[in-house]
Amino acid sequence: MADVKPFQCIRPAVDKAERIAALPYDVYDREEAEKEVRKEPLSFLCIDRAETQFDGSVGPYDDRVYNMAGTILEKMISDGIFIKETKECYYVYELIMDRRAQTGLVACSSIDDYLNNVIKKHENTREEKELDRIRHVDVCNAQTGPIFLVYRSHEIINEIISEVKKENVLYGFTSPDGVTHNVWMIQEENKIDGIRKAFAGINSIYIADGHHRAASAVKVGLKRRKANPGCNASEEFNYFLSVLFPEDQLMIMPYNRVVKDFNGYGINEFLSRVSESFQIELIGKSGYAPEKKGCFGMYAAGNWYRLTAHEDIRNNTDPVKALDVSILQDYLLSGILGIRDPRTDKRIDFIGGIRGLKELEKRVNEDMAVAFSMYPTSISELFAVADEGKLMPPKSTWFEPKLRSGLFIHKLTKI
């Protein structure tokens with residue numbers, strides 16, 4: 001039973017929302033973040049990446065950076081740039097990209113659901129990335145970037161959200177990357193009760209994106225529980241900011257790979273080794289994106305190839321081993337190219353599917369030897385892996401469009 005509750009939101013003034021909304025903090029490197037903040041000083045990156053307020057002598061993990069994030073947030077609240085909502089509400093958040101819409105519910109999810117595996121994970125997290133967001137959340141006393149969650153579609157929730165979307169929007173704007181963002185507020189008690197009761201009947205919710213932010217939010221909550229032994233699990237720090245989407249609303253894009261060299265093989269010897277596990281077909285100069293599971297595109301030496309994994313490889317019943325990202329890793333990247341740990345090996349890089357096949361060709365022509373285009377992992381595959389308590393290989397999924405930070409802020413104490 002999932003505990004998904006409304007919350008008192010801190011949100012932008014209506015005329016400031018478009019200027020504040022920013023892509024997630026980890027989409028940018030420091031130089032890119034600084035450029036964005038120079039272009040738009042109200043960009044939420046001034047809080048999410050507060051090192052943008054210092055020169056290069058101050059590192060991103062300096063105490064001064066986290067303190068600055070908290071200071072800016074409080075000043076923007078006191079200046080009326082952000083509004084404190086007076087009651088607990090849900091919000092509906094619609095994103096439209098390339099004429100395709102997806103609509104989620106903005107709410108707070110329970111850290112106990114995370115700990116008890118009602119909220120299921122499919123990726124490992126890295127401690128250094130967790131520590132950064134733990135400090136950010138703790139010092140700001142707020143969660144500023146929502147966790148992207150997905151659940152199996154539910155008729156009652158769908159009906160309420162559809163009804164709300166007939167009302168006037170709270171926010172409506174198109175960001176510079178062409179994505180339209182629409183937000184509605186749900187404040188009617190009957191709708192709030194209906195949604196909360198419906199989620200109480202859902203046994204599994206899945207992290208689509210934001211594993212590090214989720215783990216960090218949970219650890220801050222546990223830290224505050226320890227510091228407040230009289231707490232009763234209803235305090236705000238027992239919940240984390242989420243946007244929850246039904247699975248039929250989402251699109252997963254491929255997460256493609258590029259590799260620096262052929263691990264000592266010549267191109268013909270490399271192709272011979274690949275043919276041990278894959279059928280190889282020469283496509284030619286035109287880019288190739290796989291049209292079905294078990295197929296891969298490969299660009300090397302100026303040509304595209306279609307690779308089809310042999311039938312015995314494709315028919316693995318283990319939900320992790322059957323993933324295309326696992327097949328490529330186990331039978332080609334590791335077995336032939338010697339990339340044992342793609343998390344740490346400097347010879348491999350990962351390219352989000354939104355950047356297209358031309359980006360793969362560009363990288364091979366510039367600094368890599370071979371590129372692989374992937375068939376996207378499906379939502380059902382993500383569910384199957386998480387339901388068995390297993391983990392996907394790194395960089396298995398790429399979700400678009402990205403949720404914006406700064407539109408919804410959850411304070412860890414009552415406001």
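Considering only the stretch 142-164, state which residues are buried (at least 17 other Cβ atoms within 10 Å of the Cβ), at pLDDT 95 or above and of a type outside the set (A, V, I, L, M).
Answer for the stretch 142-164, where residues must be buried (at least 17 other Cβ atoms within 10 Å of the Cβ), at pLDDT 95 or above and of a type outside the set (A, V, I, L, M): GLN143, PRO146, PHE148, TYR151.
For the stretch 324-331, check the following and say yes or no: at least one residue is polar (S, T, N, Q) and either at pLDDT below 95 or at positive phi (or both).
no
Residue-by-condition table, conditions (1) of a type in the set (Val, Ile, Thr); (2) without any contact (Cβ under 8 Å) to a residue 60 or more places away in the chain; (3) part of a loop (DSSP other than H, G, I, E, B); (4) in contact with a Phe, Trp or Tyr (Cβ under 6 Å, 6 or more places away or on another chain):
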site: ILE283; (1), (2), (3), (4): yes, yes, no, yes
site: LYS292; (1), (2), (3), (4): no, no, yes, no
site: PHE296; (1), (2), (3), (4): no, no, no, yes
site: THR317; (1), (2), (3), (4): yes, yes, yes, no
site: LYS321; (1), (2), (3), (4): no, yes, yes, no
site: GLN329; (1), (2), (3), (4): no, no, no, no
site: THR344; (1), (2), (3), (4): yes, yes, yes, no
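For ILE354, are the conditions met, namely being assigned to a helix (DSSP H, G or I) and either under 18 Å from ALA289 (Cβ atoms) or in contact with a strand residue (DSSP E or B) (Cβ under 8 Å, 6 or more places away or on another chain) (or both)?
yes
Sort out which residues of the stretch 357-369 are of a type outside the set (Val, Ile, Thr), outside any loop (DSSP other than H, G, I, E, B) and within 12 Å of ARG257 (Cα to Cα), and write them in order of number.
Across the stretch 357-369, the qualifying residues are LEU357, GLU359, LEU360, GLU361, ARG363.
Under the condition of being part of a loop (DSSP other than H, G, I, E, B) and among the polar types (S, T, N, Q), which residue from the stretch 370-415 is surrounded by the fewest Cβ atoms within 10 Å (Cβ to Cβ)?
So the residue we want is THR413.
Please verify whether the stretch 308-318 includes one or more residues that are closer than 22 Å to TRP398 by Cα and among the hydrophobic types (A, V, I, L, M, F, W, C).
No, that holds for no residue.
So which residues in the stretch 228-252 are among the aliphatic types (A, V, I, L, M), within 30 Å of ILE354 (Cα to Cα) and surrounded by fewer than 21 Cβ atoms within 10 Å (Cβ to Cβ), if there are any at all?
The answer is LEU250, MET251, ILE252.
Failed condition for GLY287, given (1) out of contact with any Leu (no Cβ under 9 Å at 6 or more places or on another chain); (2) assigned to a loop (DSSP other than H, G, I, E, B); (3) not polar (S, T, N, Q), with all others met?
Going through (1) out of contact with any Leu (no Cβ under 9 Å at 6 or more places or on another chain); (2) assigned to a loop (DSSP other than H, G, I, E, B); (3) not polar (S, T, N, Q) one by one, GLY287 breaks only (1).
Only residues that are aliphatic (A, V, I, L, M) and closer than 30 Å to PHE399 by Cα: list them for the stretch 256-281, please.
Selection gives VAL258, VAL259, VAL274, ILE280.
Would you check if TYR90 is under 24 Å from the mean Cα position of the chain (by Cα), closer than 18 Å to ALA17 by Cβ and modelled with pLDDT of 95 or more?
yes
Report yes if LYS87 is part of a loop (DSSP other than H, G, I, E, B) and either exposed (fewer than 14 other Cβ atoms within 10 Å of the Cβ) or not aromatic (Phe, Trp, Tyr) (or both), otherwise no.
It is true that LYS87 is part of a loop (DSSP other than H, G, I, E, B) and either exposed (fewer than 14 other Cβ atoms within 10 Å of the Cβ) or not aromatic (Phe, Trp, Tyr) (or both).
Do we have ILE134 as within 24 Å of ARG196 (Cβ to Cβ), of a type in the set (Val, Ile, Thr) and in contact with a helix residue (DSSP H, G or I) (Cβ under 7 Å, 6 or more places away or on another chain) here?
The answer is no for ILE134.
Out of all the residues in the stretch 253-263, is one or more buried (at least 19 other Cβ atoms within 10 Å of the Cβ), in a helix (DSSP H, G or I) and either among the polar types (S, T, N, Q) or at pLDDT below 95 (or both)?
no
Answer yes if at least one residue in the stretch 21-29 is touching a Pro at 6+ places or on another chain (Cβ under 8 Å) and either at pLDDT below 95 or closer than 22 Å to GLY172 by Cβ (or both), and no otherwise.
Within the stretch 21-29, one or more residues are touching a Pro at 6+ places or on another chain (Cβ under 8 Å) and either at pLDDT below 95 or closer than 22 Å to GLY172 by Cβ (or both).
Let me confirm something: among PHE199, PHE270, PHE237, which residue is over 28 Å from GLU88 (Cβ atoms), in contact (Cβ under 8 Å) with a residue 12 or more places away in the chain and not in a loop (DSSP other than H, G, I, E, B)?
On inspection, the qualifying residue turns out to be PHE270.
Does any residue of the stretch 191-199 turn out to be surrounded by 14 or more Cβ atoms within 10 Å (Cβ to Cβ), among the aromatic types (Phe, Trp, Tyr) and over 22 Å from ILE409 (Cβ atoms)?
no
The values are calculated or read from the model by the stated rules, or taken from the named source; none is laboratory data. Please read all numbers here as calculations on a predicted model, not as lab measurements. As a convention, Cβ positions derive from the backbone with ideal geometry for all residues, glycine included, and neighbour counts pool all protein chains shown.
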